[in-house]
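Computed from the coordinates by the stated procedures, all read-outs in this text should not be read as laboratory data. Note that the structure is a prediction, hence the values are computed from the model and not measured. So basically every Cβ, Gly included, is an ideal-geometry build from the backbone, and we count neighbours across all protein chains shown.
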Amino acid sequence: MKKNTNKWLLLIVISSFIMVTGCSKFLDESDPSNFSTGSYFTKPEHAKSSVNSIYASMRDPMNSGFGGGAWMMLEFATGLAGTDLGQAVNSYFVKDLTNTADNGYGLTIWTSYYRGIANANASIKYVPNIVMDENQKKRLLGEAYFLRAWYYFNLVQMFGNIPLVTEPVNLQSEQLRPTQAAPEEIYTLIVNDLQTAEQSGLAWKDETGRVSLGAVKSLLAKVYLTMAGFPLQKGLSHYTLASNKAKEVIESGQFKLFDDYTDFNNTAMKNKEENIFMIQYLSGTLASNWQVSIVPYNKNISKYSDETGGIYATTAFAQSFQPNDKRAKEKEFFYTTYTNQDNRNLEVELGGYFIYKYFDNDAHLNTASSGMNWPVLRYADVLLIFAEASNEVSGPDLEAYNAVNAIRTRAELTDLSGLTKDQFREAVWKERWYELCFENITWFDMVRLRKAFNVSTKQFDDYVGHKFSYGPTLTSRELLFPIPTSEVLNGKLTQNAGY
């Protein structure tokens, strides 16, 4: 890799510990400004500090402003998102299906997630040698294995044939300039890492925001579901694995759906009940600046000085919900009006359907500093994974209906019943498109299914040939994002087709 642009791959342990994580419980690291691998990994505090550092890279793509935010790439790629942020050219490249390998969003995700992998590799390599409580050590390593799996799971879905780096790297390492591995090889590591994390003694829940056993099993269920579909097409065996793993989470009784969608907006409910695993933020310490992206462009409704209009739902998608679907009601999943910042008695028409699911009212009304977490694994997703996978195994039985109908009941929709296997499959897909919208999930579903939801017909089109409501048409090129130019220039990586 080019040494001036790819320092993620040159990272040795020194670089791993200057990062912090978002929960206050994580912000207790000692000053690591002067150490080497030999002198640092010597105490239990070093083990905890090294694992803490792995979490930090999850936040980097969420950074947002008038240049947009890398996290938006996965939403614009669905054709269900719009923007008013003209200077955020990376958003338009993805949204209009004119993307290139020079897109800064892709580079941010690639470098951030490989930095997280590098930090995980360091912990996995060196923490076992530290003299400390063995149970605590095992749990910390479980977190490291989970996080490495999560980073690789995202990268392999987005970029396809990617480097597989499993050891800390220095200038003498064979993996300094890695070649690409086939997706199946990446998935083998992901599954092995998650199975190791399963056996690490983690608690089922962790309300401080650290990795829990519930998070491990939920992610493993999602990985199996993805492997059942494209590109690996493992089919029935992995639908069975996905169904069984999701069922373990359901039958644990540790998680439940929120009674009301208002809990999505409640920072007091972070890491609780429905929120199995989240990217952590803390108001005043490590605030979630992606809030500026989900307010309209310069409508003067927020305490934030940056009102970017970075992303919102297309009208076609927002209006495709059933008329009585509670999720489509004002200030449930979307909002079209808000009060004026200078006069809270004055209501402002926003001119679009902006994202309200994780809108921090206190930050916008009062503080301009949000501690709102970003959802990574939610119990609703687990229920829908179970419903989809179990249907593929044996058709729609009572348990599958119960899982999907729990989602529909909260949305104030009638229960599904009497469906064929094919009808139930598409009904569950539709619930995924609506329930999990704008959580960086939908594009991954589109790729594994090779399907896209047509907001006009309310049916599913083949991915290739699907036309977005505003014009562009998907081709096979868009099944992957381009590998960043700076990575390809190292001479060993082959660019994805069409870029």
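Any of Lys217/Lys270; Lys125/Lys234; Lys303/Lys329 with alpha carbons more than 29 Å apart? Name them for me. Show your work: numbers first, answer last.
Details: Lys217/Lys270 19 Å; Lys125/Lys234 31 Å; Lys303/Lys329 25 Å.
Too far apart for the 29 Å limit: Lys125/Lys234.
Which of the listed residues, Tyr239, Leu383, Phe424, is farthest toward the dipole's positive end in the chain, when Lys, Arg count +1 and Asp, Glu count -1 at the beta-carbon?
Of Tyr239, Leu383, Phe424, it is Tyr239.
Count charges around Val94 for me, please; just the other residues with Cβ under 14 Å from its Cβ, Lys/Arg as +1, Asp/Glu as -1.
Taking every other residue near Val94 into account, the sum is -2.
Between Asn402 and Ser252, what FRET efficiency follows from the Cβ-Cβ distance if R0 is 22 Å, with the result rounded to 0.05? Numbers along the way, then the final one.
Values: r = 16 Å, r/R0 = 0.72.
Between Asn402 and Ser252 the formula returns 0.90.
Under the rule of at least 5 residues apart or a separate chain, name every residue whose amide H is placed under 5 Å from the amide H of Ala81.
Answer set, sorted by chain and number: Thr314.
In whole angstrom, how far apart do the alpha carbon centroids of region 187-208 and region 451-482 sit?
Taking the Cα centre of each part, region 187-208 and region 451-482 sit 34 Å apart.
For Ala182 and Asp422, what does the FRET efficiency come to when R0 = 41 Å and r is the distance between their Cβ atoms, rounded to the nearest 0.05?
On the way: r = 32 Å, r/R0 = 0.77.
The value I calculate is 0.85.
To the nearest 20 debye, what is the magnitude of the charge dipole of region 305-448 about its Cα centre, counting +1 on the Cβ of each Lys and Arg and -1 on the Cβ of each Asp and Glu?
180 debye
Could you tell me whether region 281-372 comes out rounded, prolate or oblate from its Cα gyration tensor? Rule is a ≥ b ≥ c as square roots of the eigenvalues, rounded for a/c under 1.5, then prolate if a/b exceeds b/c, otherwise oblate.
Prolate is the answer for region 281-372, as a/c is 1.5 or above and a/b outweighs b/c.
Nothing charged except the Cβ atoms of Lys and Arg (+1) and of Asp and Glu (-1): what's the magnitude of the dipole of the chain about its Cα centre? Round to the nearest 20 debye.
The dipole magnitude comes to about 860 debye.
What does the charge count near Tyr463 come to, summing +1 for each Lys or Arg and -1 for each Asp or Glu among other residues with Cβ under 14 Å from its Cβ?
Values: positive: Arg448, Arg450, Lys451, Lys467, Arg477; negative: Asp445, Asp461, Asp462, Glu478.
So the environment of Tyr463 carries a net charge of +1.
Estimate the FRET efficiency between Asp306 and Glu207 by the formula 1/(1 + (r/R0)^6), using the beta-carbon distance for r and 30 Å for R0, to the nearest 0.05.
Step by step, r from the Cβ atoms, then E = 0.45.
What does the charge count near Ile311 come to, summing +1 for each Lys or Arg and -1 for each Asp or Glu among other residues with Cβ under 14 Å from its Cβ?
-3
Ranked highest first by the average count of other Cβ atoms within 10 Å around their residues, in what order do 70-81, 447-458, 187-198, 287-298 fall? If you can, show how the numbers build up before the last one.
Numbers: 70-81: 24.9, 447-458: 17.7, 187-198: 19.9, 287-298: 21.8.
The most tightly packed comes first, giving 70-81, 287-298, 187-198, 447-458.
Below 8 Å, C-alpha to C-alpha, sequence gap of six or more: please give me the relative contact order for region 281-372 in percent.
Reported relative contact order: 38 percent.
Picking from Ala316, Leu286, Met372, whose Cα lies most toward the positive end of the charge dipole for region 256-390 (charges on Cβ: Lys, Arg +1; Asp, Glu -1)?
Leu286
How big is the charge dipole of region 281-372 about its Cα centre, in debye rounded to the nearest 20, if each Lys and Arg gets +1 on its Cβ and each Asp and Glu gets -1 on its Cβ? Provide the component values of the computation, followed by the final result.
Numbers: 8 positive and 10 negative charges, 40 e Å.
For region 281-372, the charge dipole is close to 200 debye.
Let me check against my output: what whole-number percent is the relative contact order of the chain, with C-alpha pairs under 8 Å and at least 6 apart?
18 percent
Using per-residue counts of other Cβ atoms within 10 Å, averaged over each peptide, order 472-481, 307-316 from highest down.
Going by the mean number of other Cβ atoms within 10 Å, highest first, we get 307-316, 472-481.
With a/c under 1.5 counting as rounded, go ahead and sort region 360-499 into rounded, prolate or oblate using the C-alpha gyration tensor (a ≥ b ≥ c being the square roots of the eigenvalues; past the cut-off, prolate if a/b is larger than b/c, else oblate). Write out the running numbers ahead of the final one.
Values: a/c = 1.98, a/b = 1.24, b/c = 1.59.
Note, shape of region 360-499 comes out oblate.
Express in whole angstrom the spacing between the alpha-carbon centres of region 107-126 and region 346-389.
Rounded to whole Å, the Cα centres lie 28 Å apart.
Give the residue list of trypsin sites (Lys or Arg not before Pro) in region 266-366 that are DSSP loop and have at most 12 other beta-carbon atoms within 10 angstrom.
Arg344
Using a ≥ b ≥ c from the Cα gyration tensor of the chain (square roots of the eigenvalues), is it rounded, prolate or oblate, where a/c under 1.5 gives rounded and otherwise the larger of a/b and b/c decides, a/b for prolate?
Cα axes put the chain in the rounded bin.
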